Amino acid sequence: MSNIKVINKPGQALEKEAIRVLQSIKTKWTPGMLNSKPVRTAYNLPITVLID
């Protein structure tokens, strides 16, 4: 996982935290495959944050 981008920026602190969490789990992702070889793929992951 690389080139993590936040589309709708809810604020700098939440943006940094979302990126930090995604970077911490990047070893658990499986790359896209084409002809049995890993390839780059784009993926959108919606994250909803509720603040009370």
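Only the coordinates and a few stated rules stand behind these numbers; no lab work does. Fair warning: this is a prediction, and the values are worked out from it, not measured in the lab. Backbone-built Cβ (ideal geometry, glycine too); neighbour counts: all protein chains shown.
Tabulated values for the structure
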read-out: The chain, helix-only ellipticity at 222 nm - DSSP H runs n ≥ 4, -39,500 (n - 2.57), divided by all residues, nearest 500; value: -8000 deg cm²/dmol
read-out: Local net charge near Ser2, Cβ-Cβ under 10 Å (Lys/Arg +1, Asp/Glu -1); value: +2
read-out: In nm, spacing of pseudo-spin labels at Asn35 and Glu17 (7 Å Cα→C-beta vector); value: 4.5
read-out: Eligible aspartates and glutamates near Lys26 by straight Cα distance, threshold 15 Å, same-chain separation 8 or greater; value: Glu17
read-out: Compactness of the chain - radius of gyration and Dmax, Cα, Å; value: 13.4, 48
read-out: The chain: angle of helix 12-24 to the longest principal axis, Cα-based, in degrees nearest 10; value: 30
read-out: Segments 33-39, 14-20 sorted - mean Cβ within 10 Å per residue, highest first; value: 14-20, 33-39
read-out: Cβ-based net charge around Glu15, under 14 Å, with every Lys or Arg adding one and every Asp or Glu removing one; value: +3
